[in-house]
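Novice: Before we start, here is the structure in question, set down as structure tokens.
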Amino acid sequence: MSTVYDVAVVGSGGFLGSTIAAHLTSAGAAVTGFTREDPILADDALAPRAHDVPVIVWAAGGITPTVAAEDPDAVEAELDAFRAFARAAAARPVPPRIVLLSSGGAIYGRPAVPPYAESEPPHPPNAYGAYKLAQERIVSEAGLDLTAIRIANAYGPAQRGARGQGVLAIWMREVREGRAVTLHGDGAVARDYVHADDVADLVARVIAHEAPPRVVNCGSGTPTSLADLLALLREVAGDALRVEQLPHRGVDPDSTWLDVARARNELGWEPRIALADGIADMWARTSA
């Protein structure tokens, strides 16, 4: 980004939100952060600090796949709050553009087969995917200018593996604590892993673009099995890595990875951080 932007980041204290806020700031943006303790919504209106920002990045993540599967009331409460945000944003004299961090790993599904392109009809395989798709539709139905970034499995040093989300962060924590890492299933299931810095770069490109696509995938474009992911982690953790194999979890979708041609062709974006390099850096920075 070569132009200074005013941007609000909702969820700026979280894993992706903090990474995005730092990236945008370093690129010259004036970033206003919002968290659960300092929310963007006050009495069904946008907080004063958000009255004039032209772009709002929604990176808040109150619902995980496990919560979505086990607590539908929590999901509906989150969606009610999100609807209130969308209404408040649409009520501004000049409504903001919304950049929504959505899910590429949970919105697509059968009968389509990976790699999933944005042209595939949404078919969420689980409650978490349905929740993320509902967020996209809420913004669109409010009449707001939306870009939904459908992210694969993001990882990076700011990830803490809280609430059972973020397999690499969870595994690294288990290794450092002297515990065996847990592998659900036989390790054949594949995912698409993308570094948080690459996610932040795509967010910056979406903001800088005058007419970004309504939906864009963000991933490596390459499947990596859990067994291969363990092998990459073993390269940095060594003999400290022990594995406990558990049954496959019902909340986990089939193997998924994304087609990222749209981001490449329309926004000039490429994932730059190789998975092995990202894991090594994450291990070094979180073990220090």
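Novice: Given (1) under 16 Å from residue 153 (Cα atoms); (2) of a type in the set (Lys, Arg); (3) at pLDDT below 95, identify the lone condition not met by residue 285.
Specialist: (1)
Novice: Can you tell me which of 120, 174, 136 is out of contact with any Lys or Arg (no Cβ under 8 Å at 6 or more places or on another chain) and outside any helix (DSSP H, G or I)?
Specialist: Result: 120 is the single residue among 120, 174, 136 that is out of contact with any Lys or Arg (no Cβ under 8 Å at 6 or more places or on another chain) and outside any helix (DSSP H, G or I).
Novice: Pull out all pairs, ordered by first then second residue, where Cβ-Cβ is under 7 Å, the residues are six or more apart or on different chains, the first lies in the stretch 76-95 and is part of a loop (DSSP other than H, G, I, E, B), and the second is small (Gly, Ala, Ser).
Specialist: From residues that are part of a loop (DSSP other than H, G, I, E, B), the pairs are 95/89.
Novice: State which residue is modelled with the lowest pLDDT when the search covers only the stretch 177-197 and only residues that are assigned to a strand (DSSP E or B), more than 17 Å from residue 241 (Cβ to Cβ) and not charged (D, E, K, R).
Specialist: Here the residue is 190.
Novice: Listed residues 160, 205; which is at pLDDT below 95 and not small (Gly, Ala, Ser)?
Specialist: Answer to the check: 160.
Novice: I would also like to ask the following. Looking at residue 239 and the list (1) out of contact with any strand residue (DSSP E or B) (no Cβ under 8 Å at 6 or more places or on another chain); (2) surrounded by 19 or more Cβ atoms within 10 Å (Cβ to Cβ), which single condition is not satisfied?
Specialist: If we test residue 239 against (1) out of contact with any strand residue (DSSP E or B) (no Cβ under 8 Å at 6 or more places or on another chain); (2) surrounded by 19 or more Cβ atoms within 10 Å (Cβ to Cβ), just (2) comes out false.
Novice: Looking only at residues that are among the hydrophobic types (A, V, I, L, M, F, W, C) and over 18 Å from residue 207 (Cα atoms) in the stretch 83-111, which one is surrounded by the fewest Cβ atoms within 10 Å (Cβ to Cβ)?
Specialist: Within the stretch 83-111, the match that is surrounded by the fewest Cβ atoms within 10 Å (Cβ to Cβ) is 91.
Novice: Taking the stretch 58-75 as the region of interest, how many residues are of a type outside the set (Gly, Ala, Ser), in a loop (DSSP other than H, G, I, E, B) and either in contact with a helix residue (DSSP H, G or I) (Cβ under 6 Å, 6 or more places away or on another chain) or more than 17 Å from residue 130 (Cα to Cα) (or both)?
Specialist: Here the count works out to 2.
Novice: Among the residues of the stretch 2-32, how many are over 20 Å from residue 139 (Cβ atoms) and part of a strand (DSSP E or B)?
Specialist: Of the residues in that region, 2 qualify.
The values are calculated or read from the model by the stated rules, or taken from the named source; none is laboratory data. Since we're looking at a predicted model, the values are computed, not measured. Here Cβ is always computed from backbone atoms with ideal geometry, including for glycine, and neighbour counts include all displayed protein chains.
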